[in-house]
Amino acid sequence: MHLSDVYADRFGLSFEMFPPKTPAGDEALRGELARLAEYDPAFVSCTYGAGGSTRDRTLDWCRELKTDFDQNVTAHFTCVGSAQGDMAEWLDAAKRSGVSNIMALRGDLPQDENAGGPDGAPWEPPPGGFRYANELVAFVRERFPEFGVGVAGYPEKHPECVDPQTDLANLKRKVDAGAHAVFTQLFFDNDHFLRFRDACEDLGIDVPIVPGVMPVTDFARIKRITAMCGSSFPEEFASALEAVKDDKEGQFEVGVDWAVNQCRGLLEEGVPGMHFYVLNKAAATEQILDGMNLAPVPA
Ligand code: FAD
């Protein structure tokens, strides 16, 4: 299903997974996906390692999601470090693998000291490559018009950007280039999302803005993730997790409760759908969906 149809007449639930690194991880993920499929998602998306580290694995998983799980598939794709010929080749393979939509991303810039030019000069794309995701969106829309295109939005601003207004203007470039929906970075305070949504509307961004929801089940891991992506952590949530820091089950319960409340609030605000960062584990997402009464409808 094309992204422009996903939110047209129903609540668009989607799940994001990443390609595991081992055969055992693949096998475990199959079991988790079978459970999540019960919730009849509008699509399942598979991430792509910036710089191409999962170039083949992402395609393998997209094919499997389509063929064995009968899912509508969104493939993430990052342009950082790639030349246009390579991008076209991969996108063509994605089309042949049954992918319906592309999550068009720049990807994080390489961190190693040789990533830029000599003497620490800023990062430069390869000849014929792209500097920003809006160029990738335009490329996909022009060369592969059959794909729906999703893009990333940042309720608390992208960490590289100087201020929220500039970041929003850059998001608008992606929508003006033809993106069909915006998927947000994770956030734990709905006020960030609601302010972001209002600001998007003020700028004339008129595609669905879909909140990204990250179930927290491991305090140490989420601290690492938020430090990288720049999302803030509410004091109240941090202290509730701190109080159970040596208790895995306790962390799971606190994380699920927080997400259920967050999601109920988002539903009341009329969001068009929710994109769950399931991190390849079904249990927390299942409990959140059950807590929101979005449990599967019995056949
Ligand atoms: P861009 O939109 O290009 O923005 C990057 C920075 O440049 C921002 O600060 C922006 O304000 C600025 N900018 C943008 N356009 C311009 C312009 N024309 N002129 C000047 N400045 C500009 N990463 C992965 O590696 N793999 C994944 O599968 C993946 N999936 C993701 C899914 C979602 C829903 C989200 C929210 C993020 C995902 N990411 C993924 C992370 C993403 O790649 C990083 O956040 C990355 O640093 C930025 O990517 P972008 O597409 O938002 O870049």
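Annotations
- Charge tally around residue 37: other residues with Cβ under 11 Å, Lys/Arg +1 each, Asp/Glu -1 each, net -3.
- The alpha carbon centroids of the range 150-225 and the range 1-66 are separated by 21 Å.
- Summing charges over all other residues whose Cβ lies under 13 Å from the Cβ of residue 151, with Lys and Arg as +1 and Asp and Glu as -1, gives +2.
- Over the residues of the chain, the helix contribution to mean residue ellipticity at 222 nm works out to -13500 deg cm²/dmol, using -39500 (n - 2.57) for each DSSP H run of at least 4.
- Rolling a 1.4 Å probe over the heavy atoms of the protein chains gives the range 3-291 an accessible area of 46 Å² per residue.
- To put it simply, the accessible area of the chain at a 1.4 Å probe is 49 percent carbon and sulfur.
- Packing here is the average count of other Cβ atoms within 10 Å per residue, and on that basis the peptides 100-111, 233-244, highest first, run 100-111, 233-244.
- Set of aspartates and glutamates with alpha-carbon distance to residue 95 below 15 Å, sequence-local pairs under 8 removed: 56, 60, 64, 86, 142, 146
- When the listed pairs 157/223; 172/223; 223/248 are checked against a 27 Å cut-off, the alpha-carbon distance exceeds it for 172/223.
- Across the range 272-280, rounded Karplus estimates of 3J(HN,Hα) from the backbone phi angles (6.51 cos²θ - 1.76 cosθ + 1.60, θ = phi - 60°) give x, x, 9, 10, 8, 7, 7, 6, 6 Hz, Gly and Pro being marked x.
- With both labels modelled 7 Å from their Cα along Cα-to-Cβ, the residue 201 to residue 293 distance reads 2.4 nm.
- Taking the average, over residues, of other Cβ atoms within 10 Å as the packing measure, peptides 136-145, 175-184 rank 175-184, 136-145 from highest down.
- At 0.890 mPa s and 25 °C, Stokes D of the chain from Kirkwood alpha-carbon radius, µm² per second: 124 µm²/s
- Label sites at residue 221 and residue 68, each approximated as a point 7 angstrom past Cα along Cα to Cβ, lie 2.1 nm apart.
- Cα-based values for the range 1-123, radius of gyration first and Dmax second, are 16.2, 54 Å.
- For residue 213, distant residues with modelled amide H under 5 Å away: 275, 276, 277
- Debye intensity ratio in log₁₀ form over the Cα atoms of the range 178-299, taken at each q of 0.20, 0.23 Å⁻¹: -1.18, -1.45
The values are calculated or read from the model by the stated rules, or taken from the named source; none is laboratory data. Treat the numbers as computed from the prediction; the structure is a model and nothing was measured. Every residue, glycine among them, receives a Cβ derived from its backbone with ideal geometry; neighbour counts consider all protein chains shown. For the accessible areas, the whole protein counts, side chains as well, though only heavy atoms, and no ligand, DNA or RNA atoms are used. Shrake-Rupley method; radii C 1.70, N 1.55, O 1.52, S 1.80 Å.
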